[in-house]
Amino acid sequence: MTPVISGAADTAIGRLDGSGCMALHAEATSAALADAGLRADEVDGVLCAYSLAEPHLMLSSVFNEYFGIAPSYSAAVQAGGATACALVMQAAALVRAGICRNVLAVCADNRLTGLGRSGAVAALAEVGHPQFERPYGMSIPAAYALVARRCMYERGVTAEHLAAISVTQRGHARRHPKAQARDPLTMEQALSARMIADPLRLFDCCLVSDGGAALVISAADAAADHTDRAVSILGYGQMNTHEHAFAMPSLTDFGCRQSAAQAFAMAGLTPADIDVAEIYDSFTITLLAELESIGFFPKGEAGPAILDGALELDGVLPCNTHGGLLSYGHSGAAGGMFHIVEAVRQLRGEAEARQVAGAETAFVHGDGGILSAHCSLILGRA
Ligand SMILES: CC(=O)CC(=O)SCCNC(=O)CCNC(=O)[C@H](O)C(C)(C)COP(=O)(O)OP(=O)(O)OC[C@H]1O[C@@H](n2cnc3c(N)ncnc32)[C@H](O)[C@@H]1OP(=O)(O)O
């Protein structure tokens, strides 16, 4: 059974006063089911993730009860920023195995209003190793600063290369009416913004947001009964190289190389065949390093290419066309799901002012945090 994405939707994003984690899950789910043309009782699989603001021991069970459904397969998955892609990979496997016909994958969190930005940043700092990192104040931005410094030393990455990423993505976000950060951003502003973790400045860092997103992954014949806008899941792959920053095998070469290679082999495609890319951008350096590890650019060449407009809507690799985690928003596992929702919209030709002309193939990638767990998807126009 070929798996397809038959429905995709996201909630509002940003500071959503009064929002709750479960309400955002339910809102995203209702919208994705409506998009798929599916009733809730036709869903036989539910996959969800986790919440920082309202932690639950078994989020999937809580969600099912809250939403009033009783799927035959249900689980909560946690793979950091790779979670959304991992949910799609697991749902596709359930469909291929004939276990489920319509799997709902949903992620949401209210971490901006639920924890406050400083509370969210403090909670994220807890992911560091309890013995070797947390006592020394290692934060997530600081860990990525180590990656940035090493890429500067080994590959000639410059502050301008990183700033060009945040400026390009802000330009994309300004074309998306729902994006959280839509003010104009210039190279000068990006390069002179306050330092967060040297060499990463404010606009090198992703946002903290409230929001949610959901997808329906169906068997192709099941989807054909309720929609003609499904998007094919052509390939997927995953790689886990380490857990904590201190154990990274390399500060410049990441597991996305293997996860993407698996996905490309399954799809029978190469990076040159991709029309639009939605790639995890927790920090500007995350994206730059991934672009080179995956093979979209040779080592040391992504930065100059980005300065030349490679990631623009009419560039060689239109990338993070909704604005990404840097400007669209980042709400835990939902942050990665926003990338997938955007890929679906691009392939359906529904991306409005930010549509990439003739987009037929999309590459999506999630990175678990400190570049550990990696999961890649390749989607295609059905
Ligand atoms: C583990 C995984 O699962 C994988 C991952 O995704 S890793 C990524 C996880 N997420 C993070 O690490 C979050 C990264 N971001 C941050 O830590 C914070 O945004 C930051 C430290 C960069 C700034 O936080 P701060 O200093 O407390 O900002 P603060 O002084 O409150 O903000 C002032 C203004 O700056 C702006 N601002 C804040 N953060 C911003 C950002 N990242 N980009 C652009 N503007 C930002 C806002 O306009 C804000 O005004 P409002 O409050 O009106 O919105």
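The values are calculated or read from the model by the stated rules, or taken from the named source; none is laboratory data. Given the structure is predicted, the values throughout are model-derived calculations rather than measurements. All Cβ positions, glycine included, derive from the backbone under ideal geometry; neighbour counts span all protein chains shown.
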Subject >> Condition broken by GLY171, with the remaining ones in (1) at pLDDT below 95; (2) away from the ligand (no atom under 13 Å from the Cβ); (3) within 20 Å of the chain's Cα centre (by Cα); (4) among the small types (Gly, Ala, Ser) satisfied >> reply: (1)
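Conditions tested, residue by residue: (1) within 16 Å of the ligand (Cβ to nearest atom); (2) out of contact with any Asp or Glu (no Cβ under 8 Å at 6 or more places or on another chain); (3) among the hydroxyl-bearing types (Ser, Thr, Tyr); (4) modelled with pLDDT under 95.
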| site | (1), (2), (3), (4) |
| --- | --- |
| GLU312 | no, yes, no, no |
| VAL316 | no, yes, no, no |
| SER327 | yes, yes, yes, no |
| ALA343 | no, no, no, no |
Subject >> Only listed residue being outside any loop (DSSP other than H, G, I, E, B), at pLDDT 90 or above and either within 12 Å of the ligand (Cβ to nearest atom) or farther than 17 Å from HIS330 by Cα (or both), chosen from ALA70, ALA84 >> reply: ALA84
Original post:
Out of the range 215-230, which residues are part of a strand (DSSP E or B) and surrounded by 24 or more Cβ atoms within 10 Å (Cβ to Cβ)?
Top reply: LEU215, VAL216, ILE217, SER218
Subject >> When residues of the range 242-269 are limited to those that are hydroxyl-bearing (Ser, Thr, Tyr) and buried (at least 17 other Cβ atoms within 10 Å of the Cβ), the one nearest to VAL88 (Cα to Cα) >> reply: SER259
**OP:** Provide a single number: the residues in the range 172-190 that are outside any loop (DSSP other than H, G, I, E, B) and surrounded by fewer than 17 Cβ atoms within 10 Å (Cβ to Cβ).
**Re:** 2
Original post:
Which residues, taken from the range 97-139, are in contact (Cβ under 8 Å) with a residue 40 or more places away in the chain and more than 16 Å from the ligand (Cβ to nearest atom)?
Top reply: GLY98, ILE99, CYS100, ARG101, ASN102, VAL103, LEU104, ALA105, VAL106, PHE132
Original post:
Residues in the range 96-131 that are in a loop (DSSP other than H, G, I, E, B), under 19 Å from ILE196 (Cα atoms) and among the charged types (D, E, K, R): how many?
Top reply: 1
**OP:** Return yes or no: is ASP281 crowded, with 24+ Cβ neighbours inside 10 Å, out of contact with any strand residue (DSSP E or B) (no Cβ under 8 Å at 6 or more places or on another chain) and assigned to a loop (DSSP other than H, G, I, E, B)?
**Re:** yes
**OP:** Could you please find all residues in the range 96-126 being touching a strand residue (DSSP E or B) at 6+ places or on another chain (Cβ under 7 Å) and surrounded by fewer than 24 Cβ atoms within 10 Å (Cβ to Cβ)?
**Re:** ARG96, ILE99, ARG101, THR113
